Amino acid sequence: MTDDQRRCGVLLVGHGTRDAAGTEQFFQLGRLLEKELAPLPVIACLLEFQEPTIPQAWERLVAAGVQHVHVSPLLLFAAGHAKQDIPDLVRECQSKTPQVTFDQAGPLSRHGAIVDLLRHRIRSASASLDSQSTALVMVGRGSHDPCAQADMRCLSELIAHREPFASVTTAFYAMAKPRLPEILDQAAANPNVRDVVVQPHLLFEGRLYQAIEKQVAEASERHPDVKFHLGDYLGPNQQVAQAIKDRVAL
């Protein structure tokens, strides 16, 4: 490790959730990243709902002697939080400790480790199915940011080129169209489709995953002749930690 690296620290910034399981999974990922980057200090903090906050985590890094902070937003795509909320808060922190510099890593987006993990989740959900009669629905959280919407669609196209499903379609839970119920109904209306795999592109357990699960259950009631299968979220694991490490360029 170089002298410059010894003076660096990592601020892992999560969105935050009121869901206890999702919060614990975020901090579990923070511990994985801490082991991956040791002996660099890594502080996991949250933008909303929970502590430590960004200012609290920044103060801890400064107290540990850090002179340059690598800010790593734990976000799948770049939208308002990555482009404005997080950098605004970090700049406010820096204004109080001007001797400390920072940079901000990009979102996880289509990092190879994330794509591989996503494909593993999809294959687990569709392991016993005939791909030729199975529709895959990729569902994102949704955003008003057109770039984030486009990134989600690009991810679906990438999956479509690598996985042999009858169709691969993008849907959003909120803030963007098409919405998930509409796409589920369209997939079920195809006479050649017997199964629909719904893959949420989410990092952790939480209310959003539960809401998607509810919409899938409602679609199953509307279309009893079609079987719906819900894939798992990405979760706190080594592949996500590796993607963060690569984005931070350490």
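Annotations for the structure displayed:
- Residues in the range 65-104 that are part of a loop (DSSP other than H, G, I, E, B), modelled with pLDDT of 95 or more and under 17 Å from residue 33 (Cβ atoms): 66 alone.
- Selection from the range 167-203 of residues that are in a loop (DSSP other than H, G, I, E, B), more than 18 Å from residue 223 (Cα to Cα) and at pLDDT 95 or above: 173, 174, 176, 177, 178, 201, 202, 203
- Among the residues of the range 123-154, those that are among the small types (Gly, Ala, Ser) and surrounded by 16 or more Cβ atoms within 10 Å (Cβ to Cβ) comprise 125, 126, 135, 140, 142, 143, 148.
- Matching residues in the range 54-77 - criterion: being under 13 Å from residue 13 (Cβ atoms) and in contact (Cβ under 8 Å) with a residue 12 or more places away in the chain: 54, 55, 57, 58, 61, 69, 70, 71, 72, 73, 74, 75
- Residue 114 aliphatic (A, V, I, L, M) and under 28 Å from residue 178 (Cβ atoms): yes
- Among the residues listed as 108, 118, the single one being more than 25 Å from residue 8 (Cβ to Cβ), out of contact with any Cys (no Cβ under 8 Å at 6 or more places or on another chain) and surrounded by 15 or more Cβ atoms within 10 Å (Cβ to Cβ): 118
- Selected residue (criterion: surrounded by the fewest Cβ atoms within 10 Å (Cβ to Cβ)) from residues of the range 217-250 that are part of a helix (DSSP H, G or I) and free of Cβ contacts under 8 Å to residues at least 40 places away in the same chain: 221
- When the range 85-105 is limited to residues that are of a type in the set (Val, Ile, Thr), surrounded by fewer than 19 Cβ atoms within 10 Å (Cβ to Cβ) and in contact with a strand residue (DSSP E or B) (Cβ under 8 Å, 6 or more places away or on another chain), the one that is farthest from residue 233 (Cα to Cα) turns out to be 100.
- Any chance residue 212 is modelled with pLDDT of 95 or more, assigned by TED's automatic domain parsing to the domain that holds residue 75 and under 24 Å from residue 14 (Cβ atoms): no
- Leading residue by the ranking (modelled with the lowest pLDDT) among those in the range 33-55 that are hydrophobic (A, V, I, L, M, F, W, C) and within 20 Å of residue 88 (Cα to Cα): 49
- Against the criterion of being out of contact with any Cys (no Cβ under 9 Å at 6 or more places or on another chain), modelled with pLDDT of 95 or more, aliphatic (A, V, I, L, M) and assigned by TED's automatic domain parsing to the domain that holds residue 49, residue 244 qualifies.
- Residue count for the range 155-198, restricted to those that are over 23 Å from residue 113 (Cα atoms), aliphatic (A, V, I, L, M) and crowded, with 17+ Cβ neighbours inside 10 Å: 9.
The values are calculated or read from the model by the stated rules, or taken from the named source; none is laboratory data. Every value quoted in this text rests on a predicted model; they were computed, and no experiment measured them. Here Cβ is always computed from backbone atoms with ideal geometry, including for glycine, and neighbour counts include all displayed protein chains.
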